[in-house]
Amino acid sequence: MERILITGALGQLGHEFIKYFNNKDIFVLATDIKDPPKNLPCLFEFADVLNKERIDLLVKKYKINTVYHLVAVLSANGEKNPYNSWKVNMESFQNIIEISVNNKIKKVFWPSSIAVFGTESNLDFVSQNPAMNPETIYGVSKLAGEKLANYYFNRFELDIRSLRYPGIISIDTLPGGGTTDYIIEMLNSAKNKSDYTCFLNKETRLPMMYIDDAIEAAIKLMSVDRKKLTISSSYNVTGFSITPFELANEIKSRGIDITVDYKPDFRQEIANSWPKDIDDSISNKDWGWSCNFSLKKTLDKVFN
Ligand code: SER
């Protein structure tokens, strides 16, 4: 039986993984440093992943064999406090890796991000392994994490699997402190019929993915025979690419009359260093990835 520990379980991805695992024959322990909602459908323990002893104890106590390590300070928040961002993103991952090796954890899922790329990565269509010089502390920590994953797989055969997520679109659970968050903010404004001021300029093209695809991709990657995986850092994946202006027009074409203003702030520079589109053909070849949710299907879900 799979016995899963989810760290950062009350964040955007965590909530959705908990929903996905619910009612399956899987034991789930959720951990976070916030109080859980009353209706959380799995066991919860308050735990800070920077406290290695506490996590080690929980892994032993609940006989955990699989970890979804989702703790992260995202790109925009990270720039406000790079020291803390590195600490949370990297020390927590190092702790999870060490605990996993020592407790013979079978598999670890750890999300990487499009933030690992930079302006030298041929941003119009980013391949799996271009030049990578990330320009945010978030991207730097994610790229370092990818190298760490690769190292621990080669040296200790620790089975860490990872995806470079684009912006993830979920309506029920919000992200927080990311650069791709604008898309969720604009969609929620449209749902509430209120106007929206976008913090990116109207031409900023970024790759996005509907939450169901994000979960499905992780589950698929985690269930495939490791021998099929040719990459032990992190796989490119994407759904579709869009600009704020195109999104505003799509919303209007659905009969929702919102006014969108554009007031780019510091997040514009971050977005300028990220891919416009992603080549995820190696994911397709290695483990059969293809996205289900086009822009249209995503908006159908959002506005159903
Ligand atoms: N969604 C993340 C962010 O904007 C990117 O991985 O920071």
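The values are calculated or read from the model by the stated rules, or taken from the named source; none is laboratory data. These figures come from a predicted structure and were not determined experimentally. Every residue, glycine among them, receives a Cβ derived from its backbone with ideal geometry; neighbour counts consider all protein chains shown.
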Handout entry: Residues satisfying the stated conditions in the range 257-279, i.e. farther than 21 Å from PRO166 by Cα and buried (at least 16 other Cβ atoms within 10 Å of the Cβ)
Key = ILE258, VAL260, TYR262
Handout entry: Top-ranked residue of the range 152-169 - restricted to ones that are away from the ligand (no atom under 12 Å from the Cβ) and closer than 21 Å to SER281 by Cβ, ranked as surrounded by the fewest Cβ atoms within 10 Å (Cβ to Cβ)
Key = ARG161
Practice task
Hey, can you tell me all the residues within the range 123-143 that are within 15 Å of the ligand (Cβ to nearest atom) and either assigned to a loop (DSSP other than H, G, I, E, B) or among the small types (Gly, Ala, Ser) (or both)?
Solution key: LEU123, MET132, PRO134, GLU135, THR136, GLY139, SER141
Handout entry: Residue check for LEU5: at pLDDT 95 or above, within 16 Å of the ligand (Cβ to nearest atom) and either buried (at least 21 other Cβ atoms within 10 Å of the Cβ) or within 16 Å of the chain's Cα centre (by Cα) (or both)
Key = no
Practice task
Might you check whether a residue that is in contact (Cβ under 8 Å) with a residue 24 or more places away in the chain, aliphatic (A, V, I, L, M) and farther than 19 Å from TRP110 by Cβ occurs anywhere in the range 55-73?
Solution key: no
Exercise for the section: Answer with yes or no whether LEU29 is surrounded by 15 or more Cβ atoms within 10 Å (Cβ to Cβ), aliphatic (A, V, I, L, M), farther than 24 Å from LEU148 by Cα and touching a Cys at 6+ places or on another chain (Cβ under 9 Å). Expected result: yes
Problem - Residues being near the ligand (Cβ under 10 Å from one of its atoms), within 22 Å of ILE256 (Cβ to Cβ) and either touching a Lys or Arg at 6+ places or on another chain (Cβ under 9 Å) or among the basic types (Lys, Arg) (or both) - total across the range 170-218 - result: 3
Completion exercise
Screening LYS106, LYS60 for residues that are of a type outside the set (Ser, Thr, Tyr) and under 22 Å from SER223 (Cα atoms) leaves only LYS106
